[in-house]
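One structure below.
The values are calculated or read from the model by the stated rules, or taken from the named source; none is laboratory data. Quick caveat: nothing in here was measured; it's all calculated off a predicted structure. As a convention, Cβ positions derive from the backbone with ideal geometry for all residues, glycine included, and neighbour counts pool all protein chains shown.
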Amino acid sequence: MDGEPRQVRSRYSAAGLFVLLATLWGLTFPAISVGLRSLEPVLFAAFRYDIAAVLLVGYGVARTTDWYPSAERDLAAVLAGGVFLVAGNVFLFVGQQTVPSGVAAVMQSLVPIATTLWALGILPEERVSASGAFGILLGFVGVGLVVRPDPSNLLAGDTLGKLLVLGQVASVSLGGVLVQRSRPMLDRAALSGWSMAVGGVILHAASLSVGEPFSLPATLTAQAAVVYLGVFATAVAFYIYYTLLDVRGALETSLVAYLVPVVATVAGVVFLGERVTALTLVGFLVVFAGFVALKRRAIADLVAGSTPSASSE
């Protein structure tokens, strides 16, 4: 008799965590826009991951004795995560100097599709059907509607910024696949923390190499943006994300990528006075349609209440 109420409570709890994660990640993009008003973009990104690295490595040390990456597969995963998952986010920070936060968030909806594309080339077990290929194509059509590049002048308007955000999407998607291929055994908190430490070092080096002056966040808003990104949008969000992975599975958790842009767009309009065009929203819907086409079997299993098979697209 008690099993069903507990199951219902668990369902509502997971839904609450899902919404919280989407909110934390969705507010990332307005927070970046606010911080960029007084912080250099590469240094800003480095500060974010400095904080998160300390918190996550510290959490890993506290919860397990297996917190140091000594095995070759763990070192490979930390390096891949540091270079592509963490340092690659610099393109987002630089791109958002000209791209509205809502648009940058909409472009993140391509990550699940881009991840599949990288996996096809890197993971030998990955396959895609004709409908899956159509879904990938739809995803890129949707992004084309968002970016709308002018081939004769790629530096016009915010096109270059959008292309930089696409570079970030490609980087984090590749990083996720490379980490998966490494098959790390390290505790997830420690793995993420060490990856952020590596990425933070790379970002600080990049900041110096491009001539950014080193300065700590001086204004209250800049300090709030750095703390929010490092603590809540990264360290806390990480814990929620992996909790959802354990409770609800990878497919259902990946759907957060399509709620994040909604949160970011609303926050950008309300708090920053940003505007998102109707064509950008259409592009987002086309990307989502591509995701549904790509993952249709797994989504059907999810709706039916069964666990999606590993081979589900």
Those residues of region 28-78 which are in a helix (DSSP H, G or I), in contact (Cβ under 8 Å) with a residue 60 or more places away in the chain and among the acidic types (Asp, Glu), in sequence order
50, 74
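I'd like to check something: does region 204-217 contain any residue that is of a type in the set (S, T, N, Q), at pLDDT 95 or above and surrounded by 14 or more Cβ atoms within 10 Å (Cβ to Cβ)? Lay out the reasoning, then the answer.
Residues of region 204-217 that are of a type in the set (S, T, N, Q), as a first pass: 207, 209, 215.
Then keep just the ones that are at pLDDT 95 or above; that gives 207, 209.
Those still in the list that are surrounded by 14 or more Cβ atoms within 10 Å (Cβ to Cβ) too: 207.
Taking every residue of region 204-217 in turn, at least one turns out to be of a type in the set (S, T, N, Q), at pLDDT 95 or above and surrounded by 14 or more Cβ atoms within 10 Å (Cβ to Cβ).
Quick check on this structure: which one of 181, 188, 248 is among the charged types (D, E, K, R) and touching a Phe, Trp or Tyr at 6+ places or on another chain (Cβ under 6 Å)? Don't jump to the end; show me each part of the working.
Details: 181 fails: touching a Phe, Trp or Tyr at 6+ places or on another chain (Cβ under 6 Å); 248 fails: touching a Phe, Trp or Tyr at 6+ places or on another chain (Cβ under 6 Å).
Sole residue among the options that is among the charged types (D, E, K, R) and touching a Phe, Trp or Tyr at 6+ places or on another chain (Cβ under 6 Å): 188.
crowded, with 18+ Cβ neighbours inside 10 Å, hydrophobic (A, V, I, L, M, F, W, C) and under 14 Å from residue 166 (Cα atoms): does that describe residue 83? Steps first, please.
On the way: crowded, with 18+ Cβ neighbours inside 10 Å: yes; hydrophobic (A, V, I, L, M, F, W, C): yes; under 14 Å from residue 166 (Cα atoms): no.
For residue 83, the condition - crowded, with 18+ Cβ neighbours inside 10 Å, hydrophobic (A, V, I, L, M, F, W, C) and under 14 Å from residue 166 (Cα atoms) - is not met.
Per-residue answers, yes or no, for (1) under 25 Å from residue 19 (Cα atoms); (2) within 18 Å of the chain's Cα centre (by Cα); (3) hydrophobic (A, V, I, L, M, F, W, C); (4) outside any helix (DSSP H, G or I):
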site	(1), (2), (3), (4)
162	no, yes, no, no
167	no, yes, no, no
176	yes, yes, no, no
198	no, yes, yes, no
201	no, no, yes, no
205	no, no, yes, no
214	no, no, yes, yes
235	yes, yes, yes, no
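Counting just the residues of region 22-73 that are basic (Lys, Arg) and out of contact with any Gly (no Cβ under 6 Å at 6 or more places or on another chain), which one comes out farthest from residue 179 (Cα to Cα)? Walk me through how you get there before you give the answer.
We begin by selecting, within region 22-73, every residue basic (Lys, Arg); these are 37, 48, 63, 73.
Imposing the further condition that a residue be out of contact with any Gly (no Cβ under 6 Å at 6 or more places or on another chain) reduces the set to 37, 63, 73.
Working: 37: 34, 63: 22, 73: 9 Å.
It comes out as 37.
Give me the residue from region 123-135 that is surrounded by fewer than 20 Cβ atoms within 10 Å (Cβ to Cβ) and in a helix (DSSP H, G or I) and, out of that set, modelled with the highest pLDDT. If you could, list the steps in order and put the result at the bottom.
First pass over region 123-135, keeping only residues surrounded by fewer than 20 Cβ atoms within 10 Å (Cβ to Cβ): 123-131, 133-134.
With in a helix (DSSP H, G or I) added as a condition, the list becomes 130-131, 133-134.
Values: 130: 85, 131: 87, 133: 88, 134: 92.
Ranking the qualifying residues of region 123-135, first place goes to 134.
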Quick test of your reading of the structure: residue 181 fulfils all but one of (1) under 18 Å from the mean Cα position of the chain (by Cα); (2) modelled with pLDDT of 90 or more. Name the failing condition by number.
(1)
